[in-house]
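Scroll down for the structure; my scribbles are underneath it.
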Amino acid sequence: VEEQREQAEHLLLLDTGDALIEEGSSQSAAMGEEVVAGMRLMAYDAMAIGPLELGLGAEALRQRLDEAGFPMLSANVLWSADRSYVGEAYTVLEAGPYRIGVIGLTRDPGVGLADYVFLEPDGVLAELVPQVEAQVDTVVLLTNLPYRSAAQLADAASGIDLVVAALPRQLPDHAVRTSRAGSLIVTAEQPFPGHTGRRVGKLSVMVQSDGALSGEAWESVALGPDIADDPAMSDLLAAYGE
Amino acid sequence: MPIRTIVGMTVLAACLLLAGCGSASSDSGSPADSGIEAGVRPELELVVLHTNDNWGETEPCG
């Protein structure tokens, strides 16, 4: 990330969620605190809230939201208690002279999570995209929804320039344009328990004067041993005993 | 020439002068008039690094 920040004219660092705890096993003792601290150290620009974050429960999730220091996004999940957004529906990031709006959407896990109310993503986007579009040059949808569902939503909503999604049926080897609206769509890696967090997606693209994206190139970068450990990150992990 | 005509022409000339009409010092050389589009932004090279499902084995690349 540091290397790319030095090289790129502007860098965005995004996460699609389901990042804080592991699926299918007991929650970590720190309840995602160490991951949020690590993401904060890397200066993530935004993260979508995923079902696993919701599974932390209201108390722990509120703590992680307070600690994050970067926007944790979901436009379709509300607290059931007062129907306010669990995180933020969207955020606006500055990229040189451009304003980039990032909207978060959360996958409905389909099991009872009493603390939350889920809204239908298509209705949310139909209402929110025009509002965000009016404030920014470029609109990004950041979501843990499956890749194909996210592409269909972007086509239906229109006005979305880039979709950063998760859960592909198969790992694409290039950035794809959706069939109707022509939104770019990318995903980082196909997750397997115990085998995740090993790749990072890298999209290089030009922002045109009207905010449209063109000239895209995408690759999935393996986080191999050739990338040296960052001393500050090593210190942070050591503090959490990992 | 009647005095009223002279006064009228004087007032008209003063108005034209105040409005900058025909003045050599008008702002015709400003960027807006000279075709330089000050509002056009240069293209930006954007790199988006993105991750999903970060949680995994803690060994780097095990």
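Looking at the stretch A:127-157, which of its residues are under 20 Å from A:VAL92 (Cβ atoms), part of a helix (DSSP H, G or I) and of a type in the set (A, V, I, L, M, F, W, C)? Break it down stepwise before answering.
To start, the set of residues in the stretch A:127-157 that are under 20 Å from A:VAL92 (Cβ atoms) comprises A:127-143, A:154, A:157.
Checking the rest, the ones that are also part of a helix (DSSP H, G or I) come to A:127-133, A:154, A:157.
A:LEU128, A:VAL129, A:VAL132, A:ALA154, A:ALA157 - these are the residues of the stretch A:127-157 that are under 20 Å from A:VAL92 (Cβ atoms), part of a helix (DSSP H, G or I) and of a type in the set (A, V, I, L, M, F, W, C).
Determine whether the stretch A:94-106 contains at least one residue that is within 10 Å of chain B (Cβ to nearest Cβ), among the polar types (S, T, N, Q) and part of a loop (DSSP other than H, G, I, E, B). Walk me through it before giving the result.
First, pick out the residues of the stretch A:94-106 that are within 10 Å of chain B (Cβ to nearest Cβ): A:95-98, A:100.
Okay, now just the ones that are also among the polar types (S, T, N, Q), so none.
No, there is no match, as no residue in the stretch A:94-106 is within 10 Å of chain B (Cβ to nearest Cβ), among the polar types (S, T, N, Q) and part of a loop (DSSP other than H, G, I, E, B).
Which number in (1) facing chain B (nearest Cβ under 10 Å); (2) under 12 Å from the mean Cα position of the chain (by Cα) marks the one condition that A:TYR90 misses?
Among (1) facing chain B (nearest Cβ under 10 Å); (2) under 12 Å from the mean Cα position of the chain (by Cα), the lone unmet condition for A:TYR90 is (1).
How many residues are touching a helix residue (DSSP H, G or I) at 6+ places or on another chain (Cβ under 8 Å), free of Cβ contacts under 8 Å to residues at least 40 places away in the same chain and of a type in the set (A, V, I, L, M, F, W, C) when one looks only at the stretch A:104-138? Can you show your working first?
At the first step, the residues of the stretch A:104-138 found to be touching a helix residue (DSSP H, G or I) at 6+ places or on another chain (Cβ under 8 Å) are A:105-109, A:113, A:115-116, A:121-122, A:125-126, A:129.
With free of Cβ contacts under 8 Å to residues at least 40 places away in the same chain added as a condition, the list becomes A:122, A:126, A:129.
Imposing the further condition that a residue be of a type in the set (A, V, I, L, M, F, W, C) reduces the set to A:126, A:129.
Total meeting the criteria: 2.
Since A:ARG62 meets every condition but one in (1) free of Cβ contacts under 8 Å to residues at least 40 places away in the same chain; (2) farther than 23 Å from A:ILE160 by Cβ; (3) not in a helix (DSSP H, G or I), which condition does it not meet?
If we test A:ARG62 against (1) free of Cβ contacts under 8 Å to residues at least 40 places away in the same chain; (2) farther than 23 Å from A:ILE160 by Cβ; (3) not in a helix (DSSP H, G or I), just (3) comes out false.
Residue by residue through the stretch A:131-151, note down the ones that are at pLDDT below 95, more than 17 Å from A:GLY17 (Cβ to Cβ) and surrounded by 17 or more Cβ atoms within 10 Å (Cβ to Cβ).
Narrowing the stretch A:131-151 to residues at pLDDT below 95: A:144-151.
Remaining after also requiring more than 17 Å from A:GLY17 (Cβ to Cβ): A:148, A:151.
Scanning the stretch A:131-151 gives a single hit, A:ALA151.
Report, by residue number, each residue of the stretch A:171-218 that is assigned to a strand (DSSP E or B), modelled with pLDDT under 90 and farther than 20 Å from A:LEU153 by Cβ.
Within the stretch A:171-218, A:ARG199, A:VAL200 meet the criteria.
Look at the stretch A:21-50 and say how many of its residues are in contact with a strand residue (DSSP E or B) (Cβ under 6 Å, 6 or more places away or on another chain), part of a loop (DSSP other than H, G, I, E, B) and modelled with pLDDT of 95 or more. Show your work before the answer.
Here is the first cut: in the stretch A:21-50, the ones in contact with a strand residue (DSSP E or B) (Cβ under 6 Å, 6 or more places away or on another chain) are A:44-50.
So of that shortlist, the ones also part of a loop (DSSP other than H, G, I, E, B) come out as A:44-45, A:49-50.
Filter once more, keeping what is modelled with pLDDT of 95 or more: A:44-45, A:49.
Here the count works out to 3.
I'm told A:SER84 meets every condition in (1) more than 14 Å from every other protein chain (Cβ to nearest Cβ); (2) over 21 Å from A:ALA165 (Cα atoms); (3) surrounded by 15 or more Cβ atoms within 10 Å (Cβ to Cβ) except one. Can you identify the failing condition by its number?
Just one mismatch for A:SER84, condition (3).
Output the residues belonging to the stretch A:159-170 that are within 20 Å of A:SER74 (Cβ to Cβ), out of contact with any Leu (no Cβ under 7 Å at 6 or more places or on another chain) and either modelled with pLDDT of 95 or more or more than 10 Å from every other protein chain (Cβ to nearest Cβ) (or both).
Once the filter is applied, which keeps residues that are within 20 Å of A:SER74 (Cβ to Cβ), out of contact with any Leu (no Cβ under 7 Å at 6 or more places or on another chain) and either modelled with pLDDT of 95 or more or more than 10 Å from every other protein chain (Cβ to nearest Cβ) (or both), the stretch A:159-170 yields only A:GLY159.
Condition first: buried (at least 21 other Cβ atoms within 10 Å of the Cβ) and small (Gly, Ala, Ser). Now tell me which residues in the stretch A:48-81 satisfy that.
Within the stretch A:48-81, A:ALA48, A:GLY50, A:SER74, A:ALA75 meet the criteria.
Restricting to the stretch A:97-117, name every residue that is small (Gly, Ala, Ser) and surrounded by 15 or more Cβ atoms within 10 Å (Cβ to Cβ). If you could, list the steps in order and put the result at the bottom.
The initial filter retains those residues of the stretch A:97-117 that are small (Gly, Ala, Ser), namely A:101, A:104, A:110, A:112, A:114.
A:GLY101, A:GLY104 - these are the residues of the stretch A:97-117 that are small (Gly, Ala, Ser) and surrounded by 15 or more Cβ atoms within 10 Å (Cβ to Cβ).
The values are calculated or read from the model by the stated rules, or taken from the named source; none is laboratory data. Keep in mind that what you see is a predicted model, and the values were worked out from it rather than measured. We place every Cβ from the backbone using ideal geometry, glycine too, and count neighbours over all the protein chains shown.
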